Amino acid sequence: MVIKIVAIGMVAVISALIVRGERPDIAVAIGIAGGAAILLSVIDGVTDLTTMLMELAEKTGVGGELIVYLMKIAGAGYIIEFACGAAEEAKMPSLSGSLSLAGKLLLIVMTIPLLAEIIDVILKLLSQT
């Protein structure tokens with residue numbers, strides 16, 4: 001899988017470099033498409049990871065919804081990072097900065113319910129001892 005990801009990335013980079021001199025707009029589109037293709041190629045790995053984490057949650061007694069929420073937070077972070085990179089590639093640093101700030105704030109907001117759930121789990125564990 002690593003070779004596939006690297007190959008997609010290298011083809012996108014070389015293609016963008018070749019095209020950049022004549023059509024910079026197409027080079028940006030190639031870069032974004034290459035990034036999207038890489039993300040789509042790792043979805044199977046993420047699915048396997050999610051299954052493993054759900055099994056681990058069942059074994060430990062932690063609710064599966066906690067793991068799902070954690071995966072949503074991680075996914076949001078990666079999507080925001082991808083959008084920031086796309087904005088940088090399109091030579092729009094102010095948009096990238098705004099996306100980054102908004103993403104960080106969103107991740108903080110998304111983390112608060114997760115922290116509350118973790119505190120509940122800790123309190124349950126302490127009350128059992």
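The values are calculated or read from the model by the stated rules, or taken from the named source; none is laboratory data. As the structure is a prediction and not an experimental result, all values here were calculated from the model. Positions of Cβ are backbone-derived with ideal geometry, glycine not excepted, and every protein chain shown enters the neighbour counts.
Before moving on, here are some points about what is shown:
- Residue count, region 21-75 (criterion: of a type outside the set (A, V, I, L, M, F, W, C) and within 23 Å of VAL2 (Cα to Cα)): 11
- Single residue of GLU89, GLU65 found to be among the charged types (D, E, K, R) and surrounded by 14 or more Cβ atoms within 10 Å (Cβ to Cβ): GLU89
- Against the conditions (1) surrounded by 11 or more Cβ atoms within 10 Å (Cβ to Cβ); (2) at pLDDT 85 or above, ALA57 satisfies every one except (2).
- Counting residues in region 114-124 that are within 26 Å of GLY35 (Cβ to Cβ), without any contact (Cβ under 8 Å) to a residue 60 or more places away in the chain, surrounded by 10 or more Cβ atoms within 10 Å (Cβ to Cβ) and touching an Asp or Glu at 6+ places or on another chain (Cβ under 9 Å) gives zero.
- Inside region 58-106, residues that are β-branched (Val, Ile, Thr), closer than 24 Å to ALA29 by Cβ and not in a helix (DSSP H, G or I) make up a count of 0.
- So LYS104, is it modelled with pLDDT under 90 and farther than 28 Å from MET1 by Cα: no
- Lone unmet requirement of (1) surrounded by 12 or more Cβ atoms within 10 Å (Cβ to Cβ); (2) among the hydrophobic types (A, V, I, L, M, F, W, C); (3) under 30 Å from ASP120 (Cα atoms); (4) out of contact with any Asp or Glu (no Cβ under 6 Å at 6 or more places or on another chain) for MET52: (1)
- Of the candidates ILE32, ILE3, the single residue that is surrounded by 15 or more Cβ atoms within 10 Å (Cβ to Cβ) and part of a helix (DSSP H, G or I) is ILE32.
- SER94 being modelled with pLDDT of 90 or more, surrounded by fewer than 16 Cβ atoms within 10 Å (Cβ to Cβ) and among the hydroxyl-bearing types (Ser, Thr, Tyr): yes
- Pair list, Cβ under 7 Å, 6 or more apart: region 83-94 residue on the phi < 0 side of the Ramachandran plot, other residue at pLDDT below 90 and of a type in the set (Val, Ile, Thr): ALA86/ILE32; GLU89/VAL28; GLU89/ILE32; ALA90/VAL28
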